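Chemist: I'd like to ask some things about the structure below.
The values are calculated or read from the model by the stated rules, or taken from the named source; none is laboratory data. Note that the coordinates shown come from a computational prediction; the quantities given were computed from them, not determined experimentally. Cβ sites come from the backbone with ideal geometry, for glycine too, and all protein chains shown count toward neighbours. Only protein heavy atoms, including side chains, enter the accessible area calculation; ligands, DNA and RNA are left aside. Shrake-Rupley method; radii C 1.70, N 1.55, O 1.52, S 1.80 Å.
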Amino acid sequence: MYEYAIAWEWLAFAARWFHVITAIAWIGSSFYFIALDLGLVKRPHLPPGAYGEEWQVHGGGFYHIQKYLVAPATMPEHLTWFKYESYFTWLSGFLMLCIVYYGGANLFLIDRHVLDVSVPVAILISLASLAVGWIVYDLLCKSPLGKNTWGLMAALYVVLVFMAWGYTHLFTGRAAFLHLGAFTATIMSANVFFIIMPNQRIVVADLIAGRTPDAKYGAIAKQRSLHNNYLTLPVIFFMLSNHYPLAFGTAYNWVIAALVFLMGVTIRHWFNTTHARKGRPTWTWIATVILFILIMWLSTVPKILTGEKDAEAVAPAFLQFAQDAHFPAVKQMISTRCSMCHAAEPVYEGIVRPPKEVMFENDAEIAMHAREIYIQAGRSHAMPPGNVTEVTLEERKLLVAWFESSVNQGKTQ
């Protein structure tokens, strides 16, 4: 059974790699087409129905690209669709959510000091929030507010900030940021699946049937694509944030999330304005730097804990690790080799917060991270980095023996 931990770790790695590959493909094509669309130039020699053209150079050759705002007069011989990048990005991301946060719900998803719920309930809340998020967003887009692009963006921002606050009152800080990214990415991918692609299919079907396509389908798809463009950078931030507890593990993490969405807008506004040849608004970078400095300051504000439950009580799910015969020796070894970093107030130079907010200050914290200790410091030599505390081979064998003995003991109970 303990080999299951190794297999699960490799499965998570494979899913993460696949997710990164597909995300690069999706984000790359999305950014490219927004830049292309903004750079189009209207010229008198364009064929009927053409909105604009663009000349580009890449890979030793020149490209001449024309855009039809609705559709060309006849169906082209070959048509390339951009959709699978989005679909596989979402599917691989959802797979990661299942592997890391649903499979490790007791550790990564549920914070019983925030909301004490069972694993099935926590997973149900997670799934429901993603579905409800898309429904609310889609209703906003289809409401009268949807005719005002910037008014709609403001309403969407209010929804996102509310979700940032809500997630931090449901899950761990790490899971809250990850879910905020998943919430936003679900909206983006659903835009492609439910709106952009169906609208394009309607236009293609009209062309094949000899009908004149309605321009509204292209306008709706373009609006959703614009939303995706402005939401992309915050999603990347939230997906990377699990490596930086100063972002998710602080008192005002939901405020930090709200500011991250604004930074996404300011950065994309510079690129979009530049690609549209409307100048280079340097103020956007000044605003971004100010927002980032504000985030850095917020991350240092002390966390005020009220009504906290007994943090030293070992949860039933991890009790077998604390009761194992090897545990006293393991606890002593960890307090000697790991406590300088994995503590509420790290003493190792350059470490201001415990890595990934993981602490080993009591039995409960050591037991709940047994699998990670086994993988990171037992079966591999990833921790401590560079073996700076000189963990011996015998001590690593002790960690392996502890985890495997605890797992085997759990099987017999």
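Chemist: Taking just the alpha-carbon atoms of the stretch 318-410, what radius of gyration and Dmax come out, in angstrom?
Modeler: When restricted to the Cα atoms of the stretch 318-410, Rg and Dmax are 12.4, 39 Å.
Chemist: Further question on the same structure: Given the -39500 (n - 2.57) contribution per DSSP H run of 4+ residues, what per-residue ellipticity at 222 nm results for the chain, rounded to the nearest 500 deg cm²/dmol?
Modeler: -19000 deg cm²/dmol
Chemist: Also, quick follow-up: Net charge around LEU231, counting only other residues with Cβ within less than 12 Å of its Cβ (Lys, Arg = +1; Asp, Glu = -1)?
Modeler: After counting each charged neighbour, the total is +2.
Chemist: Let me check something: with ligands and nucleic acids excluded, how do ILE125, ILE21, ILE375 order by accessible area (1.4 Å probe), largest to smallest?
Modeler: ILE21, ILE125, ILE375
Chemist: Turning to a different aspect of this structure: Given a 1.4 Å probe and heavy atoms of the protein chains only, how would you sort GLU345, GLU390, largest accessible area at the top?
Modeler: Final ranking, largest accessible area leading: GLU345, GLU390.
Chemist: For the stretch 318-410, what is the accessible area per residue in Å², given a 1.4 Å probe and the full set of protein chains?
Modeler: Normalised by residue count, the accessible surface of the stretch 318-410 is 49 Å².
Chemist: Hey, rough spin-label estimate for PHE162 and ASP214, points 7 angstrom out along Cα→Cβ, what's it come to in nanometres?
Modeler: Those two pseudo-labels are separated by 3.0 nm.
Chemist: Among ALA322, CYS338, ALA401, which residue has its Cα positioned farthest towards the positive end of the charge dipole of the stretch 318-410, with +1 placed on the Cβ of Lys and Arg, -1 on the Cβ of Asp and Glu, and the dipole taken about the Cα centre?
Modeler: Of the listed residues, the answer is ALA401.
Chemist: With a point put 7 Å past each Cα toward its Cβ, work out how far TYR32 is from LEU115 in nm, to one decimal.
Modeler: If labels sit at TYR32 and LEU115, their model points lie 4.0 nm apart.
Chemist: How tilted is helix 84-96 with respect to the longest principal axis of the chain? Cα atoms for both, answer in degrees (0 to 90, nearest 10).
Modeler: Helix 84-96 sits at roughly 20 degrees to that axis.
Chemist: With r defined as the distance between the Cβ atoms of ALA25 and ASN106 and R0 fixed at 56 Å, what FRET efficiency is calculated, to the nearest 0.05?
Modeler: Efficiency, from the Cβ-Cβ distance: 0.95.
Chemist: Let me ask you something else. Identify the chymotrypsin sites (Phe, Trp or Tyr not before Pro) of the stretch 344-413 meeting these criteria: DSSP loop state and at most 10 other C-beta atoms within 10 Å of the C-beta.
Modeler: Answer by residue number: there is no such site.
Chemist: Less than 12 Å Cβ to Cβ from ALA370, Lys/Arg counted +1 and Asp/Glu -1: what total charge do the surrounding residues give?
Modeler: That sum, taken over residues with Cβ under 12 Å, equals -3.
Chemist: So, one more: A 24 angstrom limit on the alpha carbon distance is what I want to check against. Which of LYS67/LYS142; LYS83/LYS216; LYS83/LYS278; LYS42/LYS222 exceed it?
Modeler: The answer is LYS67/LYS142; LYS83/LYS278.
Chemist: Angle, helix 283-298 long axis vs. longest principal axis of the chain, Cα atoms, 0 to 90°, nearest 10?
Modeler: 20 degrees
Chemist: At most 14 other Cβ atoms within 10 Å and a DSSP loop assignment: could you name the chymotrypsin sites (Phe, Trp or Tyr not before Pro) in the stretch 50-154 that fit?
Modeler: TRP81
Chemist: Hey, another quick one. Just flag the trypsin sites (Lys or Arg not before Pro) in the stretch 204-303 sitting in loop per DSSP whose Cβ has no more than 13 other Cβ atoms within 10 Å.
Modeler: ARG211, ARG277, LYS278, LYS303
Chemist: I've got another one for you. Placing +1 at every Lys and Arg Cβ and -1 at every Asp and Glu Cβ, with all other atoms neutral, what dipole size does the chain have around its Cα centre, in debye to the nearest 20?
Modeler: 1700 debye
Chemist: Now for a separate question. How large, in percent, is the carbon and sulfur part of the accessible surface of the stretch 317-389 at a probe radius of 1.4 Å?
Modeler: Carbon and sulfur: 57 percent of the exposed surface of the stretch 317-389.
Chemist: If you don't mind, another one. Which aspartates and glutamates does LYS147 reach when only Cα atoms under 15 Å apart count, and residues fewer than 8 places away in its own chain are ignored?
Modeler: Answer for LYS147, where 15 Å is the Cα cut-off: ASP138, listed by chain and number.
Chemist: Roughly how much of GLU3 is accessible, in Å² to the nearest 10, using a 1.4 Å probe?
Modeler: Spelled out: GLU3, probe radius 1.4 Å, area about 90 Å².
Chemist: As a test of reading the structure, rank ILE267, ILE24 by solvent-accessible area (1.4 Å probe, protein chains only), most first.
Modeler: Solvent-accessible surface, decreasing: ILE24, ILE267.
Chemist: Summing Lys, Arg as +1 and Asp, Glu as -1, what charge do residues with Cβ under 12 Å from the Cβ of SER241 carry, SER241 excluded?
Modeler: Counting the neighbours of SER241, the net charge comes to +1.
Chemist: Using a simple spin-label model with points 7 Å from Cα along the Cα→Cβ vector, what separation in nm is obtained for LYS222 and ASN362?
Modeler: Roughly 5.9 nm, to one decimal.
Chemist: Mind checking the angle between helix 119-142 and the chain's longest principal axis? C-alpha axes, 0 to 90 degrees, to the nearest 10.
Modeler: 20 degrees
Chemist: Can you give the log10 of the normalised intensity I(q)/I(0) at q = 0.10 Å⁻¹, computed with Debye over equal Cα scatterers of the chain?
Modeler: -0.79
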